[in-house]
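**Student:** Attaching a single structure in structure tokens format; questions to follow.
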Amino acid sequence: MAISSIWYERNKLVFYEANSQPVKVVEEIKSRCREYTKVMKKQGLARKMTKKPDNLIRWYPPDADYLKINVDGSFYAHNGNAACGGVVRDNLGKFLKGFACNLGSCSIMHAELWGIIKGLQIAIDNGYNRIVIESDSMMAIGFIKVDCPRHHPCSPLLDDIKVLRRRLTQVSWKHILHEANGVADILARIGQNLPIGHQIFYFPPSEIVHSLYVDSIGTLRLRGF
């Protein structure tokens, strides 16, 4: 609206040599804005325009005195093979460590929990005492926060997680959506192609460089894509 009004006055000056009065131009812009707002409110659209979209997802860095470890599991149905992967980053999104692990034959829930265990082990080995663990497995995070029945097949892994957690000063557990966990997802899929066992990355593999960058600048992703 402002540009339209200014452009109109400019054309009057150029083509008709009409005198322009800036004060009147400003008043016209204000009047048009008030009219536009009135129409938008009447149609109930103003509220919708200010509502924060809930289908845009991004990765958020941790607080300055924490490190964040994103983990993920991978399961291939055609051969029953599972893997996990994870990445450690600071509050600027800088890559510190990564890992990928081929677990062999086990369930996806085992893979998700093994990713958390490997992440905790890396934190302990490197003196990362204040960490945030993020996983896109709501069930895995729920088991850690609420516990699970003793007869559950994953119960021994949860016991290991409790033991490892006690060796760190501060650990926060968070569930995130899959779209914000892209780097860990790629590392878990890298694990599928490794020999049985795990590999530590001291520098980011080429497969995750782009995802690390878009996370670090706060790129929004559309949920479901």
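Each value in this text was obtained by applying a stated rule to the coordinates, not by laboratory testing. Note that this is a predicted model, so its numbers are computed, not measured. When we count neighbours, we look across all protein chains shown, and the Cβ atoms used for this are built from the backbone with ideal geometry, even at glycine.
**Student:** Report the charge-dipole magnitude of the stretch 57-222 in Debye, nearest 20, computed about the Cα centre from +1 at each Lys and Arg Cβ and -1 at each Asp and Glu Cβ.
**Tutor:** 280
**Student:** Separate question: Give the Cα extents of the stretch 128-208 along the principal axes, in whole Å, largest first.
**Tutor:** Projected onto its principal axes, the Cα set of the stretch 128-208 covers 39, 28, 25 Å.
**Student:** Still on this structure, please answer the following. Order these peptides, 151-163, 70-82, by their mean beta-carbon neighbour count within 10 angstrom, highest first.
**Tutor:** Per-residue Cβ counts within 10 Å, averaged per peptide and sorted highest first, yield 70-82, 151-163.
**Student:** Roughly how many debye, to the nearest 20, is the charge dipole of the stretch 155-213 about its Cα centre, given +1 on each Lys and Arg Cβ, -1 on each Asp and Glu Cβ, and no other charges? Mind showing how you got there, number by number?
**Tutor:** Details: 6 positive and 5 negative charges, 67 e Å.
About 320 debye.
**Student:** For the stretch 57-222, report the translational diffusion coefficient in µm²/s to the nearest whole number, using Stokes-Einstein at 4 °C, 1.567 mPa s, and a Kirkwood Rh over Cα pairs.
**Tutor:** Values: Rh = 15.6 Å.
Rounded to a whole number, D works out at 83 µm²/s.
**Student:** Here is a follow-up. Pairs of Cα atoms under 8 Å, at least six residues apart: use those to get the relative contact order of the stretch 78-225, whole percent.
**Tutor:** On the way: 222 pairs, mean separation 54.0, N = 148.
Relative contact order comes out at 36 percent.
**Student:** If you don't mind, there's one more thing I want to ask. By how many nm would the segment from Asp90 to Ile124 lengthen if fully extended, with 0.36 nm per residue of separation less the alpha-carbon distance?
**Tutor:** Additional length available on full extension: 10.7 nm.
**Student:** What residues have an amide H closer than 5 Å to that of Cys106, excluding those fewer than 5 places away on the same chain, when H is modeled at 1.01 Å from N in the peptide plane?
**Tutor:** Ala82
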